[in-house]
Amino acid sequence: MAKIKWRGGALLSPVPPAMVTCSDGEKDNVLTVAWTGIVNTIPPKTYISVRPSRHSYKIIKESGVFAINLTTKELVRSADTCGVYTGAKVDKFKKCSLTKQPATEISCPIIEQSPLALECRVTDVIPLGSHDMFIADIVAVDVDESLIDDKGKLHLERAGLVAYAHGDYFELGKKLGNFGFSVAKKKKKQ
């Protein structure tokens with residue numbers, strides 16, 4: 001497969017279009033970020049990268065908390081809207097008919113319609129250039145009980161999650177395997 005060399009750029013895809021909630025104690029806000037992920041398991045840590053010019057940047061920096069709410073196919077229009085409008089001028093919860101739900105460990109709401117929310121407490125802020133990275137401890141995970149089976153296993157494949165790839169949104173599709181499937185021994189037929 002022939003390749004064409006481009007200069008370095010932010011083209012890692014797909015990424016989650018995460019709906020991040022925050023609050024200054026008086027006004028709650030939602031912003032959409034694609035720059036997020038897990039950075040550590042024990043203790044559980046995540047990050048979001050936010051432009052210092054964004055309305056929510058100051059809120060998160062001063063409050064020290066935020067929640068990452070996963071986006072479903074039903075929420076994709078809201079995620080896009082929350083990424084286009086500024087919370088300085090628009091109540092995005094109201095505009096998108098999003099329901100605020102109290103978080104259990106932090107002082108900002110989570111989105112009731114989201115199937116899973118990570119409640120986060122900022123531990124570090126790293127200036128990187130166009131964005132600053134907020135590294136945070138995941139202090140609680142709020143999961144829609146319909147995604148948990150009777151044995152306590154989480155089934156995120158039931159949630160209808162979406163991905164963002166270079167300007168476009170996609171619904172996640174067919175399962176191709178699970179961790180370790182490429183080296184797993186085949187079961188003998190009985």
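Per-structure values
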{"read-out": "Residue check, LEU75 under 15 Å from TYR169 (Cα atoms) and surrounded by 13 or more Cβ atoms within 10 Å (Cβ to Cβ)", "value": "yes"}
{"read-out": "Selected residue [among the β-branched types (Val, Ile, Thr), touching a residue at least 12 places away in the same chain (Cβ under 8 Å), under 18 Å from LYS27 (Cα atoms) and touching a Lys or Arg at 6+ places or on another chain (Cβ under 9 Å)] from ILE111, ILE138", "value": "ILE111"}
{"read-out": "Of all residues in the stretch 94-118 being closer than 16 Å to CYS82 by Cα and β-branched (Val, Ile, Thr), the one that is surrounded by the fewest Cβ atoms within 10 Å (Cβ to Cβ)", "value": "THR99"}
{"read-out": "Which listed residue, of LEU118, LEU176, LEU147, LEU154, is in contact (Cβ under 8 Å) with a residue 60 or more places away in the chain, of a type outside the set (D, E, K, R) and on the phi < 0 side of the Ramachandran plot", "value": "LEU118"}
{"read-out": "Single condition VAL143 does not satisfy, out of (1) among the β-branched types (Val, Ile, Thr); (2) touching a Phe, Trp or Tyr at 6+ places or on another chain (Cβ under 6 Å); (3) farther than 28 Å from GLU62 by Cβ", "value": "(2)"}
{"read-out": "Tally, over the stretch 94-132, of residues that are of a type in the set (A, V, I, L, M, F, W, C) and over 14 Å from the mean Cα position of the chain (by Cα)", "value": "9"}
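Bear in mind that the values in this text are calculations on the coordinates, not laboratory data. No experiment lies behind these values; they were computed from the predicted model shown. A quick note on method: Cβ atoms are made from the backbone with ideal geometry, for glycine too, and the neighbour counts reach across all protein chains shown.
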